[in-house]
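Notes follow the structure.
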Amino acid sequence: VSNDGTPNFLFRNLGAQGMPGIQFAEEGLTSGSAVSQDGLAQASMGIACADFNGDGRPDLYVTNFYMECSACYLNQGDMAFVDAIRGVGLYAATRPMLGFGTQAADFDLDGWPDLFVTNGHIDDFRFRGEPWKMTPQVFRNLHDGTFGDVSATSGEFFRGQYLGRGVARVDWDRDGKPDLVVSHLDIPAAVLRNETQGAGHALILQLHGVDSNRDAIGALLKVQVGSHTQVCEICGGDGYYASNERKQIIGLGDATVVDSLEIRWPNGKVQQLQQVPADRELHLIEPH
C-alpha cells in the first residue's frame, strides 16, 4: 500500500484467528519494504509484482517521485524484502522521472518479466528547470538480476513526452503477446500493440474459480521448464488505478512444452499438470 512522503505499508494476512472478518498486521518497517535503499520514505505511485530474479518468490517494483528513483524490493522469503534498485541497474534511469503506472510483463516471451513505466510530473515547474511531460520507459530483463533500458528502440511512442498516469496489460489483438493501454492527462489514452520480433513460445492461462472467487484472484501459478521456474500470482489490481486482463501470458522462450504446471487456488487447493504443450490457451476450472 503506497503513501505520499511517508513509509510504505505492507499488510500480512493473518486469517480470521477466531475473530470476525480477516485480521491483518502491518509489517512494512520490519519487512524492509517501508523505505528506500537509502532508508528514505518515498512517494510511491505505482506498483508491479513479479519474480524479477527467477528465485521463485514474487518481488515488488514501485515507482516514485521526481529525483527519488524507483524502488525494487526483492523478496528474501519469510516476509523480508531488500530494495535493490541500484543492483538491478535502474537507479540512474528512474531518478530523473516521476513515475506513475507500471506493469511487469514478458514482452519478448523469453520467460523473464520485463517492466513498463509511464511518467509525467504533477506540476508544471519548467520555470525552475524541472521537466513536465516525460517519456515512457521499457526495461528488458537481462536474466542476470539486472534490467536494460530499451526504450529508445521500442517504437515511436517512446520518443514522445506525456503526462502519463495509468497503464493496464491486455492482449487486445489476440496474438499471444502482452499489449498495453496507457492513460494520460489532457490527451486520449494510447493503445500499444506489442510488435516484438522473434518472440518466444508462450502458454496462455485463464483460471475460473468455483469454490474460490470467480476470477481466481490470489491464485499462484508455478511453471517449470527445464531448470527454470516461473512464479506468477493472479492480482486483482496493480500498476496505478488499473486492473489487468485476467489471462496470464507465460513466456517460454525456445521451449515448446511446459514440464510442470502447478496451480495453488485461493482456497488452498493444489492442481498439477504435466507435459503441457505450448502455444495454446487453456481455461482451467477449479476442481471440486
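Taking strands (runs of 3 or more DSSP E) as the structural unit, those lying wholly within segment 148-230 and holding at least 1 residues that are within 20 Å of the chain's Cα centre (by Cα), buried (at least 20 other Cβ atoms within 10 Å of the Cβ) and β-branched (Val, Ile, Thr) correspond to 164-170, 179-184, 220-225.
Within segment 36-75, the set of residues being more than 20 Å from PHE100 (Cβ to Cβ) and without any contact (Cβ under 8 Å) to a residue 40 or more places away in the chain comprises ASP38, GLY39, ASP55, LEU74, ASN75. With respect to (1) surrounded by fewer than 18 Cβ atoms within 10 Å (Cβ to Cβ); (2) over 28 Å from VAL117 (Cβ atoms), the lone exception for ILE263 is condition (1).
Going by the structure shown, is GLN275 exposed (fewer than 14 other Cβ atoms within 10 Å of the Cβ), of a type outside the set (Phe, Trp, Tyr) and in a strand (DSSP E or B)?
When the stated conditions are applied, GLN275 passes them.
Listed conditions (1) of a type in the set (Gly, Ala, Ser); (2) under 30 Å from ILE263 (Cα atoms); (3) in contact with a Phe, Trp or Tyr (Cβ under 9 Å, 6 or more places away or on another chain) are all met by GLY89, apart from (2).
Would you point out the residue of segment 231-254, among those that are acidic (Asp, Glu) and either surrounded by 16 or more Cβ atoms within 10 Å (Cβ to Cβ) or assigned to a strand (DSSP E or B) (or both), that is modelled with the lowest pLDDT?
By that ranking, first place goes to ASP238.
Checked against the criteria, PHE11 counts as among the hydrophobic types (A, V, I, L, M, F, W, C), under 28 Å from GLY166 (Cβ atoms), modelled with pLDDT under 75 and within 19 Å of the chain's Cα centre (by Cα). Considering each residue of segment 255-272, count those that are of a type outside the set (Val, Ile, Thr) and assigned to a loop (DSSP other than H, G, I, E, B), and give that number. Count: 6. Exactly one residue out of LEU192, LEU220 is under 30 Å from LYS133 (Cβ atoms) and out of contact with any Ser or Thr (no Cβ under 6 Å at 6 or more places or on another chain), and it is LEU192.
The values are calculated or read from the model by the stated rules, or taken from the named source; none is laboratory data. Just so we're clear, the structure is a prediction, and the values are computed from it rather than from any experiment. Cβ atoms come from the backbone with ideal geometry, glycine included; neighbour counts cover every protein chain shown.
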